[in-house]
Each structure stands twice: as C-alpha cells, then as structure tokens.
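Report on the structure given below.
The values are calculated or read from the model by the stated rules, or taken from the named source; none is laboratory data. Note that the structure is predicted; figures quoted are calculated from it, not measured. Note: ideal-geometry Cβ built from the backbone for every residue, glycine included; neighbour counts use all protein chains shown. Side chains are part of the model used for accessible areas, which takes the heavy atoms of the whole protein and leaves out ligands, DNA and RNA. Shrake-Rupley method; radii C 1.70, N 1.55, O 1.52, S 1.80 Å.
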Amino acid sequence: MSESELVQTPVPSEISKQVFQVSDELRSRVERLGLLETVQHARENGFSYIRDPEPMEFNDRLREVVLKFSEANRGTNMLLDKDPIFEEVVLNPKLQTIVELMVGEGALLSQFTLSVRGKGARALPLHADQNWTPAPFPGHNQLVTFCWACDEFTKAGGATMVVPKTHLNRRHPAPREVKQAQGAIAIECPAGSVPFWDGSVWHGNWPRTIEGKRVVLHITFTRAYLRQLENYRYLDDAWFQDRPPEIRVMLGG
C-alpha cells in the first residue's frame, strides 16, 4: 500500500469514536449521578462543575487535612498516599465518571497537588494544560484537571479564570491573547464543588484581593498512553494490598 493510499483510507465508522461518544453503561451512570447538565456544559464550554460530590462534612475534613499538610510540609504534591482522605477524593464516583468521560477508560493519575492562596496572591496568566502537546491539539482531549474547592470560589477570592469555548481552538493562546485575556470569566462556585476543565481550554487565576485563604486540591488525569507528571513507583505491593484495583490502574500498575 502506498503512502497516498494509506492517508486516504477512511477509518471504518464502527471503530471511529467521536468526541463525547459514550457507552450505554457510562451514559446510564452519568444520568444516575445527575451529571447530564454538567457534561453538556463541559462539552459546550470546555469546563464545568461537579456539584455536591460529597457532604459538606467531608469537605470540612478535607480542608483541615490539606491545611495541616500544607503547614507541615514544604512539598505539596504527590499527595495520594499521604492521607486516606486523598484516596476517597480520587475514587469519588462523580469525579471518576467525569474522568472516564473526558479521558477514557484506564486513565492515569498524572498529578495530585494542593494550593493555599492568601490575600495578595498574584494572577496566573492564561494557558492550556496540554503544555507538551503541539498545536493543533488532537480532537480528543488529552487530560482533565479538577479543582476541589475547599473554599468558595469568587473572582475577588482568586478563583480560576477561564475563556469559555477556547477548547474548540485546539491550540495554545498567543502572547497577545494571554495579555488581553479577552472573554475571560471567573469560575465561581460554593465550597465543596469541583470545577474541572478540558486540557485545551484557556484558563488561569485571578489575583486574590480579600482576606482569608483559598484552599484547593488540584487533580489531573491523562489518557492511558501519556506519561504521568508524578511517579508513585515507591509504593510497594503491601500498600496496594487492601486498596481497590482502581488505585493500581490509575497509577499505571
């Protein structure tokens, strides 16, 4: 077969999966968990929100753990094995359903870190999280980032900024677009919510101009064929023994 014939050969429809095309089982799960509106918003805008992933008691406990860990440790990444509550976060049914929808089955946990932003925290310029993917980006999203908002997200509080629908551009923002941030809005939501975004959507952070702290967990999953940013190879079989198999899968084991 010549190169020209190979390029022109169409992909059979029965093995060509379209963006946001899902199995009957996944569709049923989305409906059962009340995520239809969440998914539609993500499809149209490149970002969305998981509402009420856990009771507020869980969020309060999570915030306390995050703050204690932040104050006691210089490093704020590689969190999965640092406290049992972090395992509960990544195994949350709503979060895992969105992971599968956005980056497919067998997705890998690429990064699990935290941030605590106080008054005066500076803005973060617009960017796309698919930093190592040259434009044009693939039609299928390469990664998804979640922000577990332990505190309310407001513009004055330093919320994430996002430019809706920029995931459709399938490229990084140009320097002029970064500077102008035209069309950027604040991702605002109550404490305990989990905003998330497509790896190709343009986003950043607003500066924090009010008192208090913005406590957030950042969780990124990638498709199974991409290299993870964090490496948990130091975890031995004894650590995995009493944990669900999903944990081993997301770590590439």
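Would you point out which residue out of 128, 181 is at pLDDT 95 or above, at positive phi and crowded, with 16+ Cβ neighbours inside 10 Å?
181 is the lone residue from the list that is at pLDDT 95 or above, at positive phi and crowded, with 16+ Cβ neighbours inside 10 Å.
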Kindly indicate the residue of segment 56-85 that is in a helix (DSSP H, G or I) and of a type in the set (S, T, N, Q) and also least open to solvent (accessible area, probe 1.4 Å) among those meeting that condition.
59
Quick check on residue 154: is it at pLDDT 95 or above, among the polar types (S, T, N, Q) and open to solvent by less than 30 Å² (accessible area, probe 1.4 Å)?
no
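Among the residues of segment 157-171 satisfying the criterion of being assigned to a strand (DSSP E or B) and open to solvent by less than 10 Å² (accessible area, probe 1.4 Å), which is farthest from residue 185 (Cα to Cα)?
Keep residues of segment 157-171 that are assigned to a strand (DSSP E or B), which gives 157, 160-162.
Pick out the ones that are also open to solvent by less than 10 Å² (accessible area, probe 1.4 Å) and you get 157, 160, 162.
Details: 157: 13, 160: 8, 162: 6 Å.
Out of the qualifying residues, it is 157.
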Within segment 215-226, how many residues turn out to be in a loop (DSSP other than H, G, I, E, B) and either open to solvent by less than 90 Å² (accessible area, probe 1.4 Å) or in contact (Cβ under 8 Å) with a residue 24 or more places away in the chain (or both)?
3
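Take the residues in segment 231-253 that are assigned to a loop (DSSP other than H, G, I, E, B) and surrounded by 17 or more Cβ atoms within 10 Å (Cβ to Cβ), then tell me which one is nearest to the chain's Cα centre (by Cα).
Our first condition is that a residue be assigned to a loop (DSSP other than H, G, I, E, B); within segment 231-253, this holds for 231-236, 241-244, 251-253.
Still in the running and surrounded by 17 or more Cβ atoms within 10 Å (Cβ to Cβ): 232, 251.
Values: 232: 19, 251: 16 Å.
Residue satisfying both the conditions and the ranking: 251.
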Confirm whether residue 104 is over 15 Å from the mean Cα position of the chain (by Cα) and more than 25 Å from residue 175 (Cβ to Cβ).
no
